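Below: one structure, written as structure tokens.
The values are calculated or read from the model by the stated rules, or taken from the named source; none is laboratory data. Being a predicted model, the structure only gives us computed values, none of them experimental. Cβ placement follows ideal geometry from the backbone for every residue including glycine, while neighbour counts extend to all protein chains displayed.
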Amino acid sequence: MDLNQASSISMIERYKRGAFPADGLILPFTMILLIIGIFNYNRLGQPYIWISTDFGIIILLWMLISRDKREDRRLYYWLHFLWPIIAIGFLYSQCTAWDNLIFPHTFDPLLKKWDHALWGFSLNKVMAPTINRLWVDELMHAFYFSYYLMLFLPVSWLFWHRQSQAFEIVFSLSLMIYSHLLFFMIFPGDGPISDRSDLFGRGVVFIPLMNFIYRLSDQGGGGAFPSTHVSSVVLIFLYFSKYFPKMRLPFGIGCLGIIIATVYCSYHYSIDAIAGVLTGTIFYFIGQYVYAHRFNPATHSFFAMQQSA
């Protein structure tokens with residue numbers, strides 16, 4: 001074996017040691033989007049921005065992986081752990097911006113048909129006008145906003161307390177959401193977001209906050225079916241119910257509130273929320289299975305760090 005080959009193997013092993021489980025998901029997924037962007041450059045919206053973003057996600061990931069010293073209180077170590085979730089914000093906007101790659105139109109007429117088949121009417125248009133109270137509108141938007149906290153705070157709490165389940169949850173969550181993002185490009189749907197201007201006023205705190213977030217991320221629709229809000233909180237709820245049963249009640253209340261809010265706030269049809277419950281449950285089991293068979297806790301760097309602490 002020559003020196004160049006030995007050096008190459010050494011570098012590969014170094015990156016393997018420095019990688020977290022979810023890195024094996026975000027890297028190939030971002031590369032897939034990068035390839036799609038390059039080969040469909042003239043057909044996609046803002047390809048130069050998203051291609052640059054994909055390169056940035058990949059480069060930063062490799063930089064974080066290369067810092068293989070397990071100093072768990074360092075900022076880059078936390079950034080590395082949370083990077084698959086942080087990157088979702090960019091990748092979600094990219095996939096919904098490119099959701100006309102295969103079909104020029106969304107499947108909203110079909111989703112509305114399914115919704116009417118369930119209730120006989122559009123549930124989102126009935127819920128908000130029936131109640132018609134500002135404080136209820138604000139509460140529902142507060143629940144919807146709490147989704148972003150649910151993505152970060154529970155796993156961060158586990159990570160801070162050196163609980164190994166943190167890696168498993170981030171892995172399963174990433175596997176599910178990245179699968180959703182690919183599906184959004186195959187089955188585009190905007191949801192009833194266009195109804196919001198007729199159902200809600202300017203609000204006080206959480207209504208304008210959510211409007212600001214959607215303007216900032218340029219989410220005028222897309223990625224409606226299934227609801228990632230619902231699927232994510234269902235998956236997190238199931239994990240915490242398994243590992244921390246004492247937290248089942250508060251997480252259950254938050255999960256139920258978010259499920260209701262997705263429809264009440266007219267971000268999703270009820271069929272989107274139902275599909276989100278199903279995919280969140282399914283990927284909870286898929287994530288556990290893949291994680292258990294792919295990663296060996298005895299050799300995982302995080303567990304080694306725990307034992308040496």
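Run down Ser122, Ser179 and say which single residue is more than 24 Å from the chain's Cα centre (by Cα) and not basic (Lys, Arg).
Numbers: Ser179 fails: more than 24 Å from the chain's Cα centre (by Cα).
Going through Ser122, Ser179 in turn, the sole match is Ser122.
Looking at this structure, is Ser52 at negative phi, polar (S, T, N, Q), out of contact with any helix residue (DSSP H, G or I) (no Cβ under 9 Å at 6 or more places or on another chain) and modelled with pLDDT of 85 or more? Break it down stepwise before answering.
Numbers: at negative phi: yes; polar (S, T, N, Q): yes; out of contact with any helix residue (DSSP H, G or I) (no Cβ under 9 Å at 6 or more places or on another chain): yes; modelled with pLDDT of 85 or more: yes.
Yes: the conditions hold for Ser52.
Are any residues in the range 36-62 of a type in the set (Val, Ile, Thr), surrounded by fewer than 16 Cβ atoms within 10 Å (Cβ to Cβ) and closer than 14 Å to Leu91 by Cβ, and if so, which ones? Please lay out each step first, then the result.
Pass one, the range 36-62, residues of a type in the set (Val, Ile, Thr): 36, 38, 49, 51, 53, 57-59.
From what is left, the residues that are surrounded by fewer than 16 Cβ atoms within 10 Å (Cβ to Cβ) are 38, 49, 59.
Scanning the range 36-62 gives a single hit, Ile49.
Would it be correct to say that Asn132 is under 20 Å from Tyr269 (Cα atoms) and either at pLDDT 90 or above or surrounded by 14 or more Cβ atoms within 10 Å (Cβ to Cβ) (or both)?
So Asn132 does not fit the description; no.
Among the listed residues Ile258, Ile236, Ile271, Ile282, which satisfies the condition of being without any contact (Cβ under 8 Å) to a residue 40 or more places away in the chain and of a type in the set (Val, Ile, Thr)? Give the derivation first.
Details: Ile258 fails: without any contact (Cβ under 8 Å) to a residue 40 or more places away in the chain; Ile236 fails: without any contact (Cβ under 8 Å) to a residue 40 or more places away in the chain; Ile271 fails: without any contact (Cβ under 8 Å) to a residue 40 or more places away in the chain.
Step by step, each of Ile258, Ile236, Ile271, Ile282 is checked, and only Ile282 is without any contact (Cβ under 8 Å) to a residue 40 or more places away in the chain and of a type in the set (Val, Ile, Thr).
Hey, could you check the range 18-41 for residues that are under 22 Å from Phe171 (Cβ atoms) and among the aromatic types (Phe, Trp, Tyr) and say which is farthest from the chain's Cα centre (by Cα)?
The qualifying residue farthest from the chain's Cα centre (by Cα) is Phe20.
Can you give me the number of residues within the range 135-146 that are among the hydroxyl-bearing types (Ser, Thr, Tyr) and surrounded by 21 or more Cβ atoms within 10 Å (Cβ to Cβ)?
Kept after step one, since they are among the hydroxyl-bearing types (Ser, Thr, Tyr), are these residues of the range 135-146: 144, 146.
This time we only want the ones that are surrounded by 21 or more Cβ atoms within 10 Å (Cβ to Cβ), so: 144.
Matching residues across the range 135-146 total 1.
Condition first: in a loop (DSSP other than H, G, I, E, B), touching a helix residue (DSSP H, G or I) at 6+ places or on another chain (Cβ under 7 Å), touching a residue at least 60 places away in the same chain (Cβ under 8 Å) and surrounded by fewer than 18 Cβ atoms within 10 Å (Cβ to Cβ). Now tell me which residues in the range 151-209 satisfy that.
If we filter the range 151-209 for residues that are in a loop (DSSP other than H, G, I, E, B), which is where we start, we get 161-164, 187-192, 200-205.
Cutting the leftovers down to touching a helix residue (DSSP H, G or I) at 6+ places or on another chain (Cβ under 7 Å) gives us 162, 164, 189-192, 200, 202-205.
Next, from what is left, pick out any that are touching a residue at least 60 places away in the same chain (Cβ under 8 Å): 162, 164, 189-192, 200, 203-205.
Answer for the range 151-209, where residues must be in a loop (DSSP other than H, G, I, E, B), touching a helix residue (DSSP H, G or I) at 6+ places or on another chain (Cβ under 7 Å), touching a residue at least 60 places away in the same chain (Cβ under 8 Å) and surrounded by fewer than 18 Cβ atoms within 10 Å (Cβ to Cβ): Arg162, Ser164, Gly203, Val204, Val205.
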